[in-house]
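The values are calculated or read from the model by the stated rules, or taken from the named source; none is laboratory data. Bear in mind that the values here come from a model prediction, so they are computed numbers and not experimental data. Reconstructed Cβ throughout: ideal geometry from the backbone, glycine too, with neighbour counts over all protein chains shown. What goes into the accessible areas is simple: the full protein's heavy atoms, side chains included, and nothing from ligands, DNA or RNA. Shrake-Rupley method; radii C 1.70, N 1.55, O 1.52, S 1.80 Å.
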Amino acid sequence: AVVSTQSTGAKKRRRIFEENLERKGLEIERETYDKNEGMDIKRVVYVKVHASRRCLFEYAEHLQIKKLLKIDPMKIFRDEYKEERTWSEWKVFSGLHSGEKFYKDEIWDEMRNHRISARFEERKADRFINHDEPGFFTTSERSLIVSYILQETPFEEEGIRGPGTSKGEVGIEHLLKDDVYLSWFPLHDGPFQLPSIEDKPPEEKVFLNDRQVLGLFWANWGRWAKYQPLNRIRIYFGDTIAMYFAWLGFYTKLLIVPAIVGTLVFIIDIWSIINNEVVGGVCVCVC
C-alpha cells in the first residue's frame with residue numbers, strides 16, 4: 001500500500017506512475033481521509049495496490065520464484081531404492097542388507113514430508129501444486145512481486161524507459177524523495193483479532209489466517225519456551241526474516257549453558273568475598 005498527498009505539483013507524475021502500474025497488471029484502489037492538523041484539514045489519499053493473477057504469474061517467472069511440483073518424491077524413491085529383492089537376497093544375505101535397509105527406511109520416512117520445487121513457468125503452471133487456487137502465492141511472494149514492480153516502473157509520459165532516461169526517473173523511491181508520495185509499505189493480510197466462537201454452533205469450523213496463527217502461537221509471551229513456527233514465518237514474512245529468527249533462536253539456545261555457568265561463577269564469587277577474612281578486615285578498618 002502507498003500513502004500519497006494531493007499536492008498540485010506531484011499530480012501529473014503520480015498519474016503517469018499509476019497508469020504505468022496498471023499497464024503492468026496491478027490493480028489500484030484509493031481511500032481518502034481528512035486529517036486535522038490544528039486549524040487546517042489535510043487530505044490524505046491511501047493508494048492500495050493489488051497484483052492480478054496474470055501479473056503474479058508473469059513476474060513470478062521473471063523473478064524465478066520456486067514453487068512445489070505435483071511430482072511425488074515417494075515414487076522416485078520407490079523406483080530408485082525400493083527395488084524388489086529375491087528370496088536368497090533377503091534370507092541368505094539378510095545380515096549384509098540389514099543396515100542398508102534401516103538406512104533406506106530412514107530416508108523413506110524423511111521424504112514423506114518433502115516435495116520437489118522448481119522455478120515457476122507460466123506455460124507449465126498446471127504442473128505445480130494448487131496453481132489454480134487463490135493462495136498459490138504466499139503473502140511474502142506477493143509482497144516481493146509488487147515491491148519489484150513499484151521499484152522498476154518508470155514515471156515517464158510514454159511509460160517506457162527510453163535511452164535518454166536517467167536511473168533516477170524509475171521507481172517509487174525517487175518519487176518519495178520528491179514528496180510525490182509520503183511513504184510506501186505492505187499491508188498485513190487479514191485481521192489480527194481472533195474470531196469469536198460464542199455465537200457459532202459447535203460443529204462449525206473456525207479458520208485462522210496466517211497473521212492470527214502467528215499471533216497465537218508465536219508473538220505471544222506464553223510461547224517463549226516453545227519451538228518457533230519457522231515455516232509459517234517464512235510463508236508470511238519471507239525467507240530472510242525466517243532465517244533471522246531461526247538464527248536468533250539457535251543463538252539463544254547456545255547461550256543457555258554459558259548463562260548457567262556465568263550465574264554459578266557470580267554466586268561463588270559473592271560467597272567467597274563474604275567469607276574472605278582479608279576482605280572482612282578491610283571493611284572493619286574502613287568502617
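Look at Tyr81 and say whether it is open to solvent by less than 100 Å² (accessible area, probe 1.4 Å) and at pLDDT 75 or above.
Criteria not met by Tyr81.
In segment 40-61, which residues are surrounded by 14 or more Cβ atoms within 10 Å (Cβ to Cβ) and not in a strand (DSSP E or B)?
Listed by number, the residues that qualify are Cys55, Leu56, Phe57, Glu58, Tyr59, Ala60, Glu61.
Say we look at segment 16-39 and pick out the residues that are hydrophobic (A, V, I, L, M, F, W, C) and in contact with a helix residue (DSSP H, G or I) (Cβ under 9 Å, 6 or more places away or on another chain); which of these is surrounded by the most Cβ atoms within 10 Å (Cβ to Cβ)?
Phe17
Per-residue answers, yes or no, for (1) open to solvent by less than 70 Å² (accessible area, probe 1.4 Å); (2) in contact (Cβ under 8 Å) with a residue 12 or more places away in the chain; (3) more than 27 Å from Val146 (Cβ to Cβ):
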{"position": "Asp179", "(1), (2), (3)": "no, yes, no"}
{"position": "Trp184", "(1), (2), (3)": "yes, yes, no"}
{"position": "Asn209", "(1), (2), (3)": "yes, yes, no"}
{"position": "Asn220", "(1), (2), (3)": "yes, no, yes"}
{"position": "Arg223", "(1), (2), (3)": "no, no, yes"}
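Which one is modelled with the lowest pLDDT among residues in segment 136-170 that are among the aromatic types (Phe, Trp, Tyr) and within 17 Å of Glu18 (Cβ to Cβ)?
Residue satisfying both the conditions and the ranking: Phe155.
Which ones in segment 225-249 are open to solvent by less than 60 Å² (accessible area, probe 1.4 Å), of a type outside the set (Val, Ile, Thr) and not in a loop (DSSP other than H, G, I, E, B)?
Correct list: Tyr236, Ala242, Phe245, Ala246, Gly249.
Could we say that Glu173 is surrounded by fewer than 17 Cβ atoms within 10 Å (Cβ to Cβ) and either more than 28 Å from Tyr59 (Cα to Cα) or modelled with pLDDT under 85 (or both) here?
Criteria not met by Glu173.
Yes or no: segment 250-259 includes at least one residue that is in contact with a helix residue (DSSP H, G or I) (Cβ under 9 Å, 6 or more places away or on another chain), surrounded by 10 or more Cβ atoms within 10 Å (Cβ to Cβ) and assigned to a helix (DSSP H, G or I).
Looking through segment 250-259, none of the residues is in contact with a helix residue (DSSP H, G or I) (Cβ under 9 Å, 6 or more places away or on another chain), surrounded by 10 or more Cβ atoms within 10 Å (Cβ to Cβ) and assigned to a helix (DSSP H, G or I).
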